[in-house]
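Trainee: Submitted below is the structure of interest, expressed as structure tokens.
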Amino acid sequence: MAETAAEEAAAGPPGLGEIFLAFGKIGLTSFGGGLSGWMLREFVQNRRWISEPDFLNGLALAQAFPGVNVVNLSLWIGFRLRGGPGALAGVLGIVVPAMLVAIAAVAAFGEVAQVQAVHVALAGAAAAAIGLSLQMGVRTARRAARSVVPVAVIVATFLAIGVLRLPLLPVIAVAAPFSIAHAAWRLRQRRG
Amino acid sequence: MPDNVLLRLLIVFLPLSFLSVGGGQSILADIHRQSVDVYGWMTDARFLDLFGLSRMTPGPGSLLVTLVGWQAAGWAGALVATAAVFTPSSLLVYGLARLWARYRGAPWQKAVEAGLAPVAAGMVLAASFTLLQAAEGGVLAWAMAAVSCLALLFTRVSPFLLLGAGAVLFLLVQP
């Protein structure tokens, strides 16, 4: 496994078809959410297409900008791999196959079949999938917590969205400029 | 007015593209309001059905949009709604990706990356926490999430195995 990953890394960026298939695989296998966690495992750890810092930077931007973050992140990684066409391959890969499955499922069941066993099994898979997204949170937090102010921003953002249930947009509109301004000030201090 | 349905889907979903942040939950209430109350594409119960299905099938949870389009106007509706909700924000992020590649390593870029990192971390943790609170299975769900988180942080286990383990565990215990 590790050898194939190293060979792929040595062979240069993957082809467009390969990018589409890789994202399509994630779109089709990720039950219960946590897609960015799947991507980290697949693209950073298994295939080594992108480094973890690069991935986490992309994730931060994908989260803060408009758009569904999983789609944004696919676009970002696709672009890093193969420019514009790579971005398109990433977005189509994550959206189209999963979309076809979803429509097929609606067409197949007039109403959603409430089979109890399926329901319970999916709840279990969803619980494990929360672990995927939790893991992403721990990784990003560990990397971002460089000093007191970033830690305060992590805690404040978490409390505002997770506990107080404030809407995302205004929280980002306040937290992001403040945090970026602080980071800029720190960077300038370090250089000065 | 069958032709107009596609147009209406565009009118509904294009602006929502810019308002969707995070996992797409931020626009859920508005999708519901527009498709049930404003345009009457479906009943409340049908909307809940589609929502449940979008959570059960793999892929981005935001595929609810596709299903709403499909319900409103068949295949054409599904395509139009999906394209409408993903294209505008994707073009914006594409522009951002180009800008990033062009000014690689510029001080402002480092500041934005360093500044957004803690905000993103807070968002991801909050999203996980919200999901945990809503998760079925109570303590068992929390335990499963914690185990899967630790396994992913410290081992190279496949997420597939963890999802399978979660499903089997819940079937055995029936929380």
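Trainee: Read through the list (1) surrounded by 24 or more Cβ atoms within 10 Å (Cβ to Cβ); (2) more than 7 Å from chain B (Cβ to nearest Cβ), then give the number of the only condition that residue A:132 fails.
Mentor: Result: residue A:132 passes all but (2).
Rundown of residues vs (1) surrounded by fewer than 17 Cβ atoms within 10 Å (Cβ to Cβ); (2) of a type in the set (S, T, N, Q); (3) at the interface with chain A (Cβ under 7 Å from one of its Cβ atoms), yes/no style:
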site: B:59; (1), (2), (3): no, no, yes
site: B:69; (1), (2), (3): no, no, no
site: B:74; (1), (2), (3): yes, no, no
site: B:78; (1), (2), (3): no, no, yes
site: B:116; (1), (2), (3): no, no, yes
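Trainee: Which residue, of A:168, A:159, A:164, is more than 7 Å from chain B (Cβ to nearest Cβ) and surrounded by 14 or more Cβ atoms within 10 Å (Cβ to Cβ)?
Mentor: A:159 is the lone residue from the list that is more than 7 Å from chain B (Cβ to nearest Cβ) and surrounded by 14 or more Cβ atoms within 10 Å (Cβ to Cβ).
Trainee: Only one of these is part of a helix (DSSP H, G or I) and touching a helix residue (DSSP H, G or I) at 6+ places or on another chain (Cβ under 7 Å): A:126, A:62, A:152, A:104. Name it.
Mentor: None of the other options fit; the residue is A:62.
Trainee: Which one is farthest from the other protein chains (Cβ to nearest Cβ) among residues in the stretch B:28-57 that are over 15 Å from residue A:101 (Cα atoms) and small (Gly, Ala, Ser)?
Mentor: Here the residue is B:40.
Trainee: Related question: What are the pairs with Cβ atoms under 9 angstrom where one residue, in the stretch B:146-162, is more than 7 Å from every other protein chain (Cβ to nearest Cβ) and at negative phi and the other, located anywhere, is hydrophobic (A, V, I, L, M, F, W, C) and outside any helix (DSSP H, G or I)? Sequence gap at least six, or different chains.
Mentor: Cβ pairs passing all conditions: B:151/B:157.
All of the numbers you see were taken from the coordinates with simple rules; none came from a lab. None of these values were measured; they are calculated from a predicted model. Cβ coordinates were reconstructed from backbone atoms using ideal geometry, including for glycine residues, and neighbour counts include every protein chain displayed.
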